[in-house]
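Let me begin by presenting the structure, written as structure tokens, before commenting on it.
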Amino acid sequence: MLEKSDRPWGRYEVLQEAATHKVKSIHVSPGKRLSYQRHQKRSEHWYVVDGSGEVTLDGKVQLVSAGSIIQVPQGALHRISNTGTNELVFIEVQTGTYFGEDDIERVEDDFGR
């Protein structure tokens, strides 16, 4: 069985995991945002499927909605915020050499993690 996890900002579910990649469905609750973070061993590719929000990538903010694609290079600071009234859902494809949750370096976090 693949991993599912509730988080203070919403939840995620692992859809596929292999030696070369990991795929997650990520659901961000209205008004919430993920920590401003970076990864040393992976890059991430996001495809927004529902909702609307803002992505901060190395200090630059851009609006996103269904159909938006975001490329998060390895080592880049990033976060996504749900600015809408409905759940923001995106598919995350991770590529790199390691996909563990301990490859998260949080620089800022609304939940004190």
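Derivation of every value follows stated rules applied to the coordinates shown; laboratory data play no part. Being a predicted model, the structure only gives us computed values, none of them experimental. Cβ: placed from backbone, ideal geometry, glycine included. Neighbour counts: every protein chain shown.
Pick out the one residue from Ser52, Ser43, Ser81, Ser68 that is hydroxyl-bearing (Ser, Thr, Tyr) and free of Cβ contacts under 8 Å to residues at least 24 places away in the same chain.
Criteria check complete, one pass: Ser68.
Which of (1) assigned to a strand (DSSP E or B); (2) under 13 Å from the mean Cα position of the chain (by Cα) does Ala76 not meet, given it meets every other one?
Of everything listed in (1) assigned to a strand (DSSP E or B); (2) under 13 Å from the mean Cα position of the chain (by Cα), Ala76 misses just condition (1).
Within segment 8-36, restricting attention to residues that are without any contact (Cβ under 8 Å) to a residue 40 or more places away in the chain and among the charged types (D, E, K, R), which residue is farthest from Val93 (Cα to Cα)?
Once the filter is applied, the top-ranked residue is Arg11.
Condition first: of a type in the set (A, V, I, L, M) and assigned to a strand (DSSP E or B). Now tell me which residues in segment 9-64 satisfy that. Outline the logic, then answer.
Taking segment 9-64 as the starting set, the residues that turn out to be of a type in the set (A, V, I, L, M) are 14-15, 18-19, 23, 26, 28, 34, 48-49, 55, 57, 61, 63-64.
If the condition is that a residue be of a type in the set (A, V, I, L, M) and assigned to a strand (DSSP E or B), then Val14, Leu15, Val23, Ile26, Val28, Val48, Val49, Val55, Leu57, Val61, Leu63, Val64 are the ones that fit.
Look through Ser68, Ser81 and report the one residue that is over 25 Å from Thr20 (Cα atoms) and either surrounded by 16 or more Cβ atoms within 10 Å (Cβ to Cβ) or in contact with a Cys (Cβ under 7 Å, 6 or more places away or on another chain) (or both). Break it down into steps so the answer makes sense when it comes.
Working: Ser68 fails: over 25 Å from Thr20 (Cα atoms).
Only one candidate qualifies: Ser81.
Looking at (1) in contact (Cβ under 8 Å) with a residue 24 or more places away in the chain; (2) within 24 Å of Arg113 (Cβ to Cβ); (3) of a type in the set (Gly, Ala, Ser), can you tell me which one Ser5 breaks?
All conditions pass for Ser5, except number (1).
So, in segment 70-91, exactly how many residues are under 13 Å from Ile26 (Cβ atoms) and not small (Gly, Ala, Ser)?
So in segment 70-91, the residues under 13 Å from Ile26 (Cβ atoms) come out as 70, 72, 78-82, 87-91.
In the following step, the residues that additionally are not small (Gly, Ala, Ser) were identified as 70, 72, 78-80, 82, 87-91.
Going through segment 70-91 one residue at a time, the tally reaches 11.
Do we have any residue at all in segment 101-112 that's crowded, with 17+ Cβ neighbours inside 10 Å and among the β-branched types (Val, Ile, Thr)?
For segment 101-112, residues crowded, with 17+ Cβ neighbours inside 10 Å and among the β-branched types (Val, Ile, Thr): absent.
Please determine whether any residue of segment 56-64 is over 20 Å from Arg11 (Cβ atoms), among the hydroxyl-bearing types (Ser, Thr, Tyr) and touching a strand residue (DSSP E or B) at 6+ places or on another chain (Cβ under 7 Å). Full working, then the answer.
Taking segment 56-64 first, the residues over 20 Å from Arg11 (Cβ atoms) are 56-63.
Right, trim to among the hydroxyl-bearing types (Ser, Thr, Tyr) and you get 56.
Keeping just the survivors that are touching a strand residue (DSSP E or B) at 6+ places or on another chain (Cβ under 7 Å) gives 56.
Yes, segment 56-64 has at least one match.
Can you find, within segment 30-44, the residue that is surrounded by the most Cβ atoms within 10 Å (Cβ to Cβ) among those that are farther than 19 Å from Thr83 by Cβ and touching a Ser or Thr at 6+ places or on another chain (Cβ under 7 Å)?
Applying the filter and picking the extreme gives Arg42.
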